[in-house]
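What follows is calculated from the coordinates using simple rules that are stated; it is not laboratory data. Keep in mind it's a predicted model, so treat the numbers as computed, not measured. Because the Cβ atoms are built from the backbone with ideal geometry, glycine has one as well, and the counts that use them run over all protein chains shown.
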């Protein structure tokens, strides 16, 4: 009988230990998973803003008629903002419980924005034209600059 009682106590102890381990591990893993996702999204936003800024600076430096196409990819809904003062490309992306703006300086910019761009890969086409605008057409985003008015 003593062996059976010890086995029952051991079984109860093991079940309680498994329950505690399960509850504790979910509380430890979920926050780190969310933090990793946030870091990944911010890295994607930083890369996107840097790539777009570099394309805009290249077109601005090459002069009238210049065109540059680049690919940007984000795994979450995002906003693209161009600001004149300071001249900057900003990618705004939602992480956890807030929205983060990641910006890159450019030589020439104007005030425009595209809001709620769905997740995915986009071709961003920067061109020096006779009009100044920011337009999304499907999986393409056109940034048309007109530095003569700067």
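Label separation (residue 20 vs residue 101): 4.9 nm, computed from points 7 Å beyond Cα along the C-beta direction.
If R0 is taken as 30 Å, the Cβ-Cβ distance between residue 115 and residue 62 corresponds to a FRET efficiency of 0.55.
For the peptides 109-122, 87-100, the ranking by mean Cβ contacts within 10 Å, running from highest to lowest, is 87-100, 109-122.
Calculated FRET efficiency, residue 73 to residue 10, Cβ-Cβ distance, R0 = 35 Å: about 0.05 to the nearest 0.05. Between the Cα long axis of helix 2-62 and the first principal axis of the chain there is an angle of about 10°, rounded to the nearest 10.
Across the chain, Cα pairs under 8 Å and at least six residues apart give a relative contact order of 21 percent.
One quarter of the convex hull surface built on the alpha carbon atoms of segment 32-149 amounts to 6.8 nm², the projected area averaged over directions.
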